[in-house]
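Remarks on the structure that follows.
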Amino acid sequence: MIRKALFAGSWYPADEQALRLLISESIETVLKNTTYQHCPYRFAVLPHAGLFYSKTGIAPFFAADLSNVRRLVVLAPSHYANLGMDTLASSPLDGMETPLGMLESQNLASAKAKYFSAIQSEHALEMVLPYIASLSHRPKVTLALISHFSQPQAVAAIADALVSELGQDEIKEGRTALIASSDFTHYGPRFGYTPYQSGAPLRVREDDLALSHLLCEGRIEEAFAFCSSKKSTVCGYAPAMVVSHIAGRMQSRGWVADYYTSLDISSSTDANFVAYSTILWR
């Protein structure tokens, strides 16, 4: 079972040369940033909008030295399939197509064929795959979905089960790295989320950075309460909490490598916008 590059040609270039140029230019921009912290990263929260918007937030992870990574686990929310609460969904795959070539899959023991359509249709999984395929040493890739948690204890249960399967030493030594795929606040009438009468971009930034710092520090119960109280539209809060919990177990230090909104990219005056926060852990 091969996962097709469903969004190539629409959400990002299908042409190999154009895609390589997009990726290389986004990474070069990161490397020129004097505030960028150059070190290997084992965990990340990265955006998943079309690459016109998300390349800025994805590139910081791939600008780092990933030569030690043998397996990359990508966790995303499901935008199209209803998975229910506290459900980690994965499908057995033989590989993943990208315009830059085929990626090799390393499946979870719990992978079930019934989840293949959910994995195939999910853009939140696909946006990082071209970046992985662009690496000189391609790690094996594991894809999984998790959308909602009923309580903070369920985050720990899923995270601990993943660590047990992936291997604590493999994660601790950086041979296995984990990416949570998440955009942050979706604001405006289009998203049914308009809690602020004025200064929405600034207020949203405050909210998103508060949540980002809770995730950086592995404060899962507070992050869960924050999302619940705010009725948050952060779509990938569930995978972000799983990665944050595992990073905390490994005593990794997180930092917010970037934050911006779709308004910053498009210079639009639209009342609707999406925010993106890039979190990296050493």
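Being closer than 22 Å to Ala159 by Cβ, among the acidic types (Asp, Glu) and surrounded by fewer than 19 Cβ atoms within 10 Å (Cβ to Cβ) is a property that holds for Glu222. Checked against (1) closer than 24 Å to His245 by Cβ; (2) without any contact (Cβ under 8 Å) to a residue 12 or more places away in the chain, Glu28 passes all but a single condition, namely (1). Selection of segment 1-28 for residues being out of contact with any strand residue (DSSP E or B) (no Cβ under 6 Å at 6 or more places or on another chain), outside any helix (DSSP H, G or I) and not small (Gly, Ala, Ser) yields Met1, Leu6, Phe7, Trp11, Tyr12, Pro13, Asp15.
If you filter segment 168-192 down to residues that are under 16 Å from Val74 (Cα atoms) and of a type in the set (Gly, Ala, Ser), you find that the one that is nearest to the chain's Cα centre (by Cα) is Ser181. Taking every residue in segment 136-147 that is over 9 Å from Glu104 (Cα atoms) and of a type outside the set (Val, Ile, Thr) and pairing it with any residue that is assigned to a strand (DSSP E or B) and modelled with pLDDT under 95, at least 6 positions away or on another chain, yields no pair with a Cβ-Cβ distance below 7 Å.
Contact map, segment 216-237: first residue closer than 14 Å to Phe149 by Cα, second residue among the charged types (D, E, K, R), Cβ cut-off under 6 Å, separation 6 or more or different chains; pairs are Cys235/Asp183. Looking only at segment 246-263, decide whether some residue is over 18 Å from the mean Cα position of the chain (by Cα) and over 30 Å from Arg138 (Cα atoms). The answer is yes, given that some residue of segment 246-263 is over 18 Å from the mean Cα position of the chain (by Cα) and over 30 Å from Arg138 (Cα atoms).
Restricted to segment 93-109, and to residues there that are over 25 Å from Ala14 (Cα atoms) and out of contact with any Ser or Thr (no Cβ under 6 Å at 6 or more places or on another chain), the residue that is surrounded by the most Cβ atoms within 10 Å (Cβ to Cβ) is Asn107.
Going through segment 29-48 one residue at a time, which ones are assigned to a loop (DSSP other than H, G, I, E, B), within 14 Å of Trp255 (Cβ to Cβ) and β-branched (Val, Ile, Thr)? Thr35 - this is the single residue of segment 29-48 that is assigned to a loop (DSSP other than H, G, I, E, B), within 14 Å of Trp255 (Cβ to Cβ) and β-branched (Val, Ile, Thr).
Condition check: part of a strand (DSSP E or B) and either farther than 14 Å from Phe43 by Cα or at pLDDT below 95 (or both). Does Tyr187 satisfy that? Here the answer is yes, as Tyr187 does meet what is asked. Within the option set Ala157, Ala238, being surrounded by 21 or more Cβ atoms within 10 Å (Cβ to Cβ) and of a type outside the set (Lys, Arg) holds for one residue only, Ala238. Which one is nearest to Ala223 (Cα to Cα), of the residues in segment 149-208 that are of a type in the set (Asp, Glu) and touching a strand residue (DSSP E or B) at 6+ places or on another chain (Cβ under 7 Å)? Step by step, filter segment 149-208, then rank; the result is Asp208.
The values are calculated or read from the model by the stated rules, or taken from the named source; none is laboratory data. A quick note: this is a predicted structure, and the numbers were derived from the prediction, not measured. In this analysis, Cβ positions are derived from the backbone assuming ideal geometry, glycine residues included, and neighbour counts consider all displayed protein chains.
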